[in-house]
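In what follows, a structure is listed as structure tokens, so that the remarks can point back to it.
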Amino acid sequence: MKNGNTGYDLNSVISGVLKYGVIISTVLLLTGLALVILEKPAGLPTSVEQLISTNYGKPTLDAGQLLSGAAQGTPIFVIQLGLVVLLATPIVRVLASVIVFAVERDRTYVAITLIVLMILLVSIFIVGPAEAHAG
Amino acid sequence: MIGIYEYLLSMFLISILAGLIGSLVGVGGGILVVPALTLIFGVPIQFAAGASIVSVIATSSGSAAAYVRDRITNLRIGMFLEIGSASGAIVGAVLTFYLVRSGFSWLLFIAFGLILFLSAYFTAVRIRKERQGETDRVNQAQNRISARLKLSGEYYDKVLKAKIPYVADNVPAGFAVMACAGLMAGLLGVGGGVLKVLGMDGLMKLPFKVSTTTSNFMIGVTAAAGTAIFYIGGYINPILAAPVAIGVVAGSFVGAKVLVRSKPVSLRWLFVVALIAIGSEMIYQGLVL
């Protein structure tokens, strides 16, 4: 699947996206968890029951709050950022595939990968918020 | 009452073990993580599924990176079938929210138990398959849909020392199975790889190795569709999920690196028994809930 003109190679682009996505998110999750254990943030539940009943650290849907919180090293936001990066990894992979197929001028697969991307965007921007609203 | 630090440490260790066993036996870690969270720690099943599905993305992406580089995965077949599996995952996740809201979460326990039975069956089939090596039942005849969508390829089989060409057969039926696998993933927070492989290997008559790696490749996107809904809907608790994700990734990484060549048959039969036992316990929990 090597493209002679551009040098883009679908396999290595996808492999790279997946690898770095997992590495970055794992580092963030590890850092955040280590910070939780070391800093013992105020309000951290003492038991699993309490964690569930309060849903402590429930992910924020405010991107600004997430990024500034993580930048300041707030443990729970660092973990949330790790989760978001992990969730974004397959999505970026699909996006990268759309681009590589476009470069290869494979119209059928540009369409197919765009449909997959659309399904993912529907889950994020339509179905997810609807369920959050329903509670 | 289980303390939060005890939870973090013990669930981290359990997740390492789940990832290790999963990669050894050829199933995802989610299948062990969800029962551990619900049966040992008393976590409600929707939160257990939320924690598990995060680790599913991580392990799928991590190992897919290696397989894709090796060119065993069929990217086109995977991406085409993702349309079915990702749509199925959305329906599954919506169904989970609905069942929890309307007080039917016990049904999720029963469904999970049945999935464990299916996984036990699959593991048994797989033990037999890998003994036989790649066979004549790989489809090589071209058909209309596969020609149009380029659902074919070839891969180098290290055991047979030969290039094996293949063409996807029964594409519509395979697509339907992927939608069901996606539904299962979105509903219960597992990868649904068992059903995907059964569909690709059994129905579409693809080589077993291509089926397992392509299934694994698809799991990331399938799980992402469900995870987004779980995350936004509030069923992914970061403290609950973080040790699971890190642990399963670490375990499956070690499993893939260190134990990639060994195929411990007796351990896998033991695993079949364990899956049936855990499945029965999940169903029992569902019935008494």
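Numbers at a glance
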item: Estimated Rh, the protein assembly as shown: Kirkwood, alpha-carbon pairs, angstrom; result: 21.4 Å
item: Among A:Asn55, A:Val110, A:Ala134 - extreme Cα towards positive end, dipole of the range A:45-135, charges at beta-carbon; result: A:Val110
item: Residue mean of other protein chain beta carbons inside 10 Å, B:218-225; result: 6
item: Compactness index (Cα Rg / 2.2 N^0.38 Å), the range B:4-288; result: 0.96
item: Length released on extending from A:Ser47 to A:Phe125, taking residue separation times 0.36 nm less the Cα-Cα span; result: 24.8 nm
item: Lys/Arg +1, Asp/Glu -1 at C-beta; the range B:4-288 dipole; positive extreme among B:Ile164, B:Gly182, B:Met282; result: B:Ile164
item: Protection proxy ranking, peptides B:46-59, B:63-76, B:142-155, average beta carbon neighbours within 10 Å, highest first; result: B:46-59, B:63-76, B:142-155
item: Integer Hz, Karplus 6.51/-1.76/1.60 couplings in order for the range A:24-32, x for Gly and Pro; result: 4, 5, 5, 4, 4, 5, 4, 4, x
item: Distance between modelled label sites at B:Lys161 and B:Ala176, nm, 7 Å Cα→Cβ extension; result: 4.3 nm
item: Helical mean residue ellipticity (222 nm; -39500 (n - 2.57) per DSSP H run of 4+; nearest 500) of the protein assembly as shown; result: -24500 deg cm²/dmol
item: Residues of type aspartates and glutamates that B:Lys209 reaches as a straight line, Cα spacing below 15 Å, ignoring anything fewer than 8 places off in the same chain; result: B:Asp70, B:Glu130, B:Glu134, B:Asp136, B:Glu154, B:Asp157, B:Asp201
item: Inter-label distance, nm, simple model (7 Å from Cα along the C-beta direction), B:Leu13/A:Met118; result: 5.0 nm
item: Length gained when the stretch B:Ser266-B:Val254 is fully extended (0.36 nm per residue, less Cα-Cα span); result: 2.3 nm
item: Simple spin-label estimate for A:Val103 and A:Ala34 in nanometres, 7 Å along Cα-Cβ; result: 3.5 nm
item: Greater than 21 Å apart at Cα, pairs in B:Lys163/B:Lys205; B:Lys129/B:Lys161; B:Lys161/B:Lys196; A:Lys19/B:Lys150; result: B:Lys161/B:Lys196; A:Lys19/B:Lys150
item: FRET efficiency, 1/(1 + (r/R0)^6) with R0 22 Å, evaluated for B:Ala147 and A:Ala111 via beta carbons; result: 0.85
item: Largest-first principal axis extents, alpha carbons of the range A:10-134, Å; result: 55, 34, 25
item: Cβ-placed point charges (K, R +1; D, E -1), dipole of chain B about Cα centre in debye, nearest 20; result: 900 debye
item: Dipole magnitude of the range A:10-134 about its Cα centre (Cβ charges: Lys, Arg +1; Asp, Glu -1), debye to nearest 20; result: 240 debye
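Throughout, read-outs are computed from the coordinates displayed, never taken from laboratory work. If you're wondering where the values come from, they're calculated on a predicted model, not measured in any experiment. Cβ coordinates were reconstructed from backbone atoms using ideal geometry, including for glycine residues, and neighbour counts include every protein chain displayed.
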